[in-house]
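For reference, the structure discussed in these notes is given below.
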Amino acid sequence: NYGHSEEIRLLAVEHETMSPLLTNLGVPRGRLQMLAVASAAALATVTMCWVAKGAPKLQIAGLSDSVGLVFVPECQDFFARGGACRSKQSWECVGDDGSQEYRCCCNTGGFGDFSPVTGIISSELRHDVCVDLNSPYVGSGVPFYANKAVLGLCTGGNPNKHFHLPPGGVGQIKWASHPSKCLGVRDGASYVGNEITLQDCANGDPSWKLFDMAAGGAEQKAPHRIKWVPHPEKCLDIKDARTDPGNSLQISDCNLGMGAQLFSVIPVNRVPEAKPSLFCVAMMMPAGYEQSMLAAQSAKGVGIFACDETAILSNVSITIPGIRPVTTQLVPGSLQVPYGGKWHSALNTDVFIRFWDVVIQDPRSNTISWTVKVDPDCVFFPDRLRDVLIHEYPPIGETGPAYLNNCFLGMHGPIEVLSKQAVALYRQGKETCRMGAPYAHKQEDFFFRECWQLLGIAKVDVFNILLESNYACTERPTTRDGRHPCFSRQVSFHPFKSTEAWFQCHKRAMSQAWSPPLFAIKDPPGPATFTTLEPAGAGDEGKGEQKTSNSYKQRKVG
């Protein structure tokens, strides 16, 4: 407020108006966002000038100060305005259609650096809080450079809490999901209480971003101080020793007796305590893309071929080559189905009744802990499912008759997970479902969720085992820092209609690693679960993850 009675936001600066200026200055594609307001009268003469640090300013006639500008890169702006990777092209990243959505979803990299020295930095005062960024989500409208280091709950699996640490103990602390960004002391000022912010690793004074911490391995896992190299008498410190999520990190005088200055590293690549066994099954159409897609998965031992046992069903006998060749089990009758109903979806109940008739006669469905039906075009990670199960049902990931519900609106069919006890109940009572009310539903997922409820099979909500391209459960990916949804921490992603698209998603997902266990998310989509586009900061995170945090306290990792 510059003292003018009439205030408006300067919204007239659009990309089209500024593009010649931006091009001449070598600024990448993006948008200029005003950070201040001024009177309408003051807009009569506006000129652009540049200050020493290179930040753009608007000089307005009659004002002694200038109006600050922030340059928002195109894709950060796209996601901040509610953009999402929803179209077929931007979801599959095959066939560039020239759209902004494709550029921002498919061409921005984002693979990060999750090599073995990556981990989360836990506070010794409270083991379930870790070093985080105050708002690393594009939807919050806060650009990366405006982020500062705060405390956040270690749980939830968000990769933004992970940092690439100097293996020798001295060096930069890089943001793992965006390794061109580092933690640094604001403006290099050494006064007590100065903030730790997110900075470009390669630009500015390198000394601002140099820290001395314990060397790799056991020393980093043990509590230790993190010193600032230019002033080794200064250490990373939790402000006022308050460990509530959202509290800031700062530099302060090193003090051996201060728990607020002690941190330990929880590394990635955790070894699960146990691996519940999985029997993974899929229905394959005899013609089309599914055969070649499954053959490619089999050749690399991924997807359903990374399960303990695998079965593929079709109405034609076909052998899928690979590490473990699989010959299809025969489903009698045609696999062709009509489309219709409210959503004009496949009316496939009868086909999948015949499918499950074959599955439940396979002796492996009696002995293996969980039977998992997965569509061929669903990118599926068995180890992530095992992680969910082992923490939902400790110590070995087994339970009574239950199925995992992947959507708060009701289970969707791309992935269906049943315990062996649930399979046994269905085997005994399937005719009750066929002759009763569930059979009125002609869509597979409607029929089976009603059937399993009728048979007394427990429904267990796990809303992070499926992410769908059309966000059919109103979910949103957790990667709201401008990366493709396949970087999200989900058990499966659906659909991908070509082998190339399937493996693009698989590569993105496999580039991620996490320190905390993968707990089941039971809350519906919303800011508390980081699965919508509404802004959410570290303070909100504390409320949203409290239930999971309690479990984490009981089973501290590392």
> Here are some residues: THR319, THR328, THR310. Which one is within 20 Å of ILE368 (Cβ to Cβ) and over 31 Å from the mean Cα position of the chain (by Cα)?
Replying inline: THR328
> Tally time: how many residues in region 355-380 are farther than 26 Å from PHE487 by Cβ and among the acidic types (Asp, Glu)?
Replying inline: 2
> Across region 385-398, what is the total count of residues that are of a type in the set (D, E, K, R) and open to solvent by less than 30 Å² (accessible area, probe 1.4 Å)?
Replying inline: 2
> Which one is farthest from TYR339 (Cα to Cα) among residues in region 434-459 that are without any contact (Cβ under 8 Å) to a residue 12 or more places away in the chain and of a type in the set (A, V, I, L, M)?
Replying inline: MET435
>> Restricting to region 163-190, name every residue that is touching a residue at least 40 places away in the same chain (Cβ under 8 Å) and surrounded by fewer than 21 Cβ atoms within 10 Å (Cβ to Cβ).
In response: PRO166, PRO167, GLY168, GLY169, VAL170, GLY171, PRO179, GLY188, SER190
> Do you know which residues across region 330-371 are charged (D, E, K, R) and in a helix (DSSP H, G or I)?
Replying inline: ASP350, ARG354, ASP357, ARG364
> Which of the strands (runs of 3 or more DSSP E) contained wholly in region 399-497 include at least 3 residues that are in contact with a Leu (Cβ under 9 Å, 6 or more places away or on another chain) and buried (at least 17 other Cβ atoms within 10 Å of the Cβ)?
Replying inline: 402-405, 415-419, 492-494
>> Is it the case, given these coordinates, that VAL462 is under 30 Å from the mean Cα position of the chain (by Cα), within 30 Å of CYS93 (Cα to Cα) and without any contact (Cβ under 8 Å) to a residue 60 or more places away in the chain?
In response: no
>> Conditions first: (1) buried (at least 17 other Cβ atoms within 10 Å of the Cβ); (2) closer than 20 Å to LEU385 by Cα; (3) small (Gly, Ala, Ser). GLY301 passes all but one, so which condition is the exception?
In response: (1)
> Taking TYR289, is it within 32 Å of the chain's Cα centre (by Cα), among the hydroxyl-bearing types (Ser, Thr, Tyr), open to solvent by 30 Å² or more (accessible area, probe 1.4 Å) and on the phi < 0 side of the Ramachandran plot?
Replying inline: yes
> Within region 161-194, which residues are small (Gly, Ala, Ser), in a strand (DSSP E or B) and at negative phi?
Replying inline: GLY184
> If you scan region 354-371, which residues turn out to be open to solvent by less than 10 Å² (accessible area, probe 1.4 Å) and either touching a Gly at 6+ places or on another chain (Cβ under 7 Å) or under 13 Å from PHE448 (Cβ atoms) (or both)?
Replying inline: PHE355, TRP356, VAL359, ILE360, SER369, THR371
>> Tell me yes or no: at least one residue of region 433-450 is more than 31 Å from the chain's Cα centre (by Cα), modelled with pLDDT of 95 or more and within 21 Å of LYS420 (Cβ to Cβ).
In response: yes
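Residue-by-condition table, conditions (1) modelled with pLDDT of 95 or more; (2) over 22 Å from GLY301 (Cα atoms):
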position	(1), (2)
THR319	yes, no
THR328	yes, no
LEU347	no, yes
VAL359	yes, no
LYS373	yes, no
ASP387	no, no
PRO395	no, yes
GLY400	yes, yes
TYR403	yes, yes
> In the set ASP244, ASP237, which member is modelled with pLDDT under 95, charged (D, E, K, R) and under 16 Å from VAL131 (Cβ atoms)?
Replying inline: ASP244
> Do you know which residues across region 321-353 are exposed (fewer than 13 other Cβ atoms within 10 Å of the Cβ), under 23 Å from CYS433 (Cα atoms) and among the β-branched types (Val, Ile, Thr)?
Replying inline: none
> Going by the structure shown, is GLY119 in a strand (DSSP E or B), at pLDDT below 85 and under 29 Å from VAL388 (Cα atoms)?
Replying inline: yes
> Within region 460-512, can you find the residues that are over 21 Å from PRO376 (Cβ atoms), aromatic (Phe, Trp, Tyr) and touching a Ser or Thr at 6+ places or on another chain (Cβ under 9 Å)?
Replying inline: PHE463, PHE487
>> Just checking, does region 489-496 include any residue being under 14 Å from the mean Cα position of the chain (by Cα), within 30 Å of ALA222 (Cα to Cα), at pLDDT 75 or above and not hydroxyl-bearing (Ser, Thr, Tyr)?
In response: yes
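The values are calculated or read from the model by the stated rules, or taken from the named source; none is laboratory data. For clarity, every value in this text was computed on a predicted model and none was experimentally measured. Positions of Cβ are backbone-derived with ideal geometry, glycine not excepted, and every protein chain shown enters the neighbour counts. Accessible surface areas use protein heavy atoms only, side chains included; no ligands, DNA or RNA. Shrake-Rupley method; radii C 1.70, N 1.55, O 1.52, S 1.80 Å.
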